[in-house]
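Colleague: Here you go, one structure.
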Amino acid sequence: MKKTIIIAEAGVNHNGDIEKAKELIDAAAAAKVDYVKFQTFKANKLVTQNSKKADYQVENTSDNSSQFDMLKKLELTRQMHLDLIAHCKKKNVKFLSTGFDIDSLLFLKEIGIELAKVPSGELTNLPYLRAMAQNFKKIIVSTGMASMEEVEAAVNVILECGVLKDNITVLHCNTEYPTPMKDVNLLAMLDIKRKLGVDIGYSDHTLGIEVPVAATALGATVIEKHFTLDRTLPGPDHRASLEPDELKDMVQSIRNIEFAISGSGIKEPSPSELKNKPVARKSIVALTSIKKGEELTIHNIGVKRLVQE
């Protein structure tokens, strides 16, 4: 079994503060994730001036600003990107960012990012998908809000541009923050695998760590989960994010599950339990004194665990 890639999604939980972004990297590295991921965009290329916030963004931000105003405060500059990449190298964790427009994709390529991530909102943006597939060899695709037909169409666009199927991972996802458990539909991840023949994963927006762990048991090769330094901080995504200790627990639980499902698949005693067989299994013993030639019955013989000499 391949090791599950764990992406700690810092996203915009830095609130536009480079020092907070570095603290997020520190927390991700301490949790032993594989990647810490941010978001790369220019607000004026992502939304119109008067775009409304999503309901969860309205609930999780304290002002009445537009989505444009909110996102403008969360942009990362070129120098911020370079500083964060350097900090990731220092902390021995890989840097990743989602580019939300074509210029952002090209910028990420320019600064050395080799793995690209399609956010759920861009799944039907065909020019964007083509630009990504023409510039990156490895691609992760998030599928929130999408039908299977839309997912298949997006994957086909990527394949047509020359990306190998083995280099595409499709993440099942629900974009409600937080996602109600009744809406997770985790088995849809397996449907993606059956119908598209690609590696699968799960991008999680539920509260807690149960669903990412379950997804790992079902065969997810990539797990993505939002995290924050403090859920009470202002901002659109903090409340649906794990705090650092919870992120550590998730990583450890996923690694434990990897061990638990990595056996031979054959029902047989494990090496660690063989020593228990002579202690736990019973043997035939005499319940009374038995004379030679006496018939053996349930009254004079039974089964008990034996004292080991």
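Read the figures in this text as sums done on the coordinates, not as results from a lab. Model, not experiment: these values are computed from the prediction. Positions of Cβ are backbone-derived with ideal geometry, glycine not excepted, and every protein chain shown enters the neighbour counts.
Colleague: Going Cα to Cα from K292, which lysines come in below 29 Å? Please leave out same-chain ones fewer than 8 positions away.
Modeller: Straight-distance partners of K292: K282, K304.
Colleague: Once the piece of chain linking V307 and S272 is laid out straight, how much longer is it, given 0.36 nm per residue of separation minus the C-alpha distance between them?
Modeller: 10.5 nm
Colleague: Given a 10 angstrom Cα cut-off, can you work out which residue in M189, M181, M132 is the most mobile in a GNM of the chain?
Modeller: M181
Colleague: Which ³J(HN,Hα) values in Hz, rounded to whole numbers, follow from the phi angles of segment 101-109 under the Karplus curve 6.51 cos²θ - 1.76 cosθ + 1.60, where θ = phi - 60° and Gly and Pro get x?
Modeller: With coefficients 6.51, -1.76 and 1.60, one gets 8, 5, 4, 5, 4, 5, 5, 4, 4 Hz.
Colleague: For segment 139-244, what relative contact order do you get, as a whole percent, if you take Cα pairs closer than 8 Å and at least 6 residues apart?
Modeller: 23 percent
Colleague: Moving on to the next point. Contact order normalised by length for segment 154-309, with contacts defined as Cα pairs under 8 Å and 6 or more residues apart; what percent is it?
Modeller: 15 percent
Colleague: So what is the relative contact order of the chain, in percent, for Cα pairs below 8 Å that sit 6 or more residues apart?
Modeller: Value for the chain: 18 percent.
Colleague: Of the trypsin sites (Lys or Arg not before Pro) in segment 219-309, which ones lie in a loop per DSSP and count no more than 10 other C-beta atoms within 10 Å? All intermediate terms of the calculation are to be shown ahead of the outcome.
Modeller: On the way: sites: K225, R231, R239, K248, R255, K267, K275, R281, K282, K291, K292, K304, R305; in loops: R231, K267, R281, K282, K291, K292, R305.
Qualifying residues, ordered by number: K267, R281, K282, K291, K292.
Colleague: Beyond a 24 Å Cα-Cα separation, which of these cross-linked pairs lie in this structure: K42/K109; K3/K275; K32/K73; K3/K37; K73/K182; K37/K91?
Modeller: K3/K275; K32/K73; K73/K182
Colleague: Of K73, K277, K94, which has the largest mean-square fluctuation in a 10 Å C-alpha GNM of the chain?
Modeller: The residue with the greatest mean-square fluctuation here is K277.
Colleague: I've got another one for you. Quick one: 3J(HN,Hα) in Hz for segment 16-22, Karplus 6.51/-1.76/1.60 with θ = phi - 60°, rounded, Gly and Pro as x.
Modeller: x, 9, 4, 5, 5, 4, 5
Colleague: Let me make sure I get this right: for the chain, a, b and c are the square roots of the gyration tensor eigenvalues over alpha carbons, sorted descending. Under 1.5 in a/c it's rounded, otherwise prolate if a/b > b/c, else oblate. Which is it?
Modeller: Prolate is the answer for the chain, as a/c is 1.5 or above and a/b outweighs b/c.
Colleague: Going by alpha carbons, how many degrees (0 to 90, nearest 10) lie between the helix axis of 148-160 and the longest principal axis of the chain?
Modeller: Helix 148-160 sits roughly 70 degrees off the main axis of the chain.
Colleague: Something else: HN-Hα J couplings of segment 289-304 from phi, Karplus 6.51/-1.76/1.60, θ = phi - 60°, integer Hz, Gly and Pro as x?
Modeller: With the stated coefficients, segment 289-304 comes to 5, 10, 7, 4, x, 6, 5, 8, 9, 5, 8, 10, 9, x, 10, 8 Hz.
Colleague: Which cross-chain or sequence-distant (5 or more) residues have an amide H under 5 Å from the amide H of K117, H modelled 1.01 Å from N in plane?
Modeller: Amide H to amide H, under 5 Å and 5 or more residues apart or across chains, K117 pairs with G99, I140.
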